[in-house]
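J.: A single structure is presented below for examination.
The values are calculated or read from the model by the stated rules, or taken from the named source; none is laboratory data. Predicted, not measured: the structure shown is a model, and the values here were computed from it. Because the Cβ atoms are built from the backbone with ideal geometry, glycine has one as well, and the counts that use them run over all protein chains shown.
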Amino acid sequence: MCLFCKIASGEIPSSKVYEDDTILAFRDINPQAPVHLLVIPKAHIPSLDGVTAEHGALIAHLFETIPQIAREAGLTNGYRLISNCGPDACQSVPHLHFHILGGRAMTETMA
Ligand code: AMP
C-alpha cells in the first residue's frame, strides 16, 4: 500500500482538515507556505496520468470540494493548486494529490 493509501486508511496518522467518503485533505508534513494542504482521493490513482473517464464523478467532486477546503483554511485572498505528475515534476508520492498553497502572496514564477 502506498503512503497516501495508508494515510487514507488511517494506518498512518495525518493532520486532517477535511474528510468524506471518497476524499481526504490533510496538512503537508513539510509545508512550503503558511497554509499547505494535500487533497487526495481515497482510491489509489497513481497520478494525473492515471485519471480516466471512470473517475469523472470523483474528479468533479474533488474540484467542487477544493474551494470549500481552501475557504475553511482561511484562504479568502486566493491560493495556488498544484499537482506534480511524474519525474520531471518531482512527484514524490505515487498517489494522485493536489497541493493547496496559500496564506501569503505566491511568486509569479510557477517553476
Ligand atoms: P509531491 O512531491 O508532489 O509528490 O508531494 C508529496 C508531498 O507529500 C510533499 O509535499 C511531502 O512533504 C508530503 N508528505 C510526505 N509524507 C507525508 C506525510 N506523512 N504526511 C503529510 N504529508 C506528507
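J.: Would you mention how many residues in the stretch 15-35 are within 10 Å of the ligand (Cβ to nearest atom) and part of a strand (DSSP E or B)?
T.: Final tally of qualifying residues: 2.
J.: Search the stretch 36-51 for residues being among the β-branched types (Val, Ile, Thr) and touching a Leu at 6+ places or on another chain (Cβ under 6 Å), and hand back the single one that is nearest to the ligand (Cβ to nearest atom).
T.: Only one residue tops the list, namely 40.
J.: Consider residue 72 carefully, then state whether it is within 14 Å of the ligand (Cβ to nearest atom) and among the charged types (D, E, K, R).
T.: no
J.: Mind listing whichever residues of the stretch 55-73 are over 17 Å from residue 15 (Cα atoms), surrounded by 12 or more Cβ atoms within 10 Å (Cβ to Cβ) and touching a residue at least 24 places away in the same chain (Cβ under 8 Å)?
T.: 58, 61, 62, 65
J.: Residue 12: among the hydrophobic types (A, V, I, L, M, F, W, C), in a loop (DSSP other than H, G, I, E, B) and at pLDDT 95 or above, yes or no?
T.: For residue 12, the condition - among the hydrophobic types (A, V, I, L, M, F, W, C), in a loop (DSSP other than H, G, I, E, B) and at pLDDT 95 or above - is met.
J.: Return yes when residue 7 is free of Cβ contacts under 8 Å to residues at least 60 places away in the same chain, within 15 Å of the ligand (Cβ to nearest atom), assigned to a helix (DSSP H, G or I) and more than 17 Å from residue 106 (Cα to Cα) and no when it is not.
T.: yes
J.: Looking at (1) in contact with an Asp or Glu (Cβ under 9 Å, 6 or more places away or on another chain); (2) more than 13 Å from residue 100 (Cα to Cα), which is the one condition that is false for residue 45?
T.: (1)
J.: Something else about it: Which of the residues spanning the stretch 75-109 are in contact (Cβ under 8 Å) with a residue 40 or more places away in the chain, closer than 17 Å to residue 40 by Cα and either more than 16 Å from the ligand (Cβ to nearest atom) or not in a strand (DSSP E or B) (or both)?
T.: 91, 93, 94, 95, 96, 97, listed by residue number.
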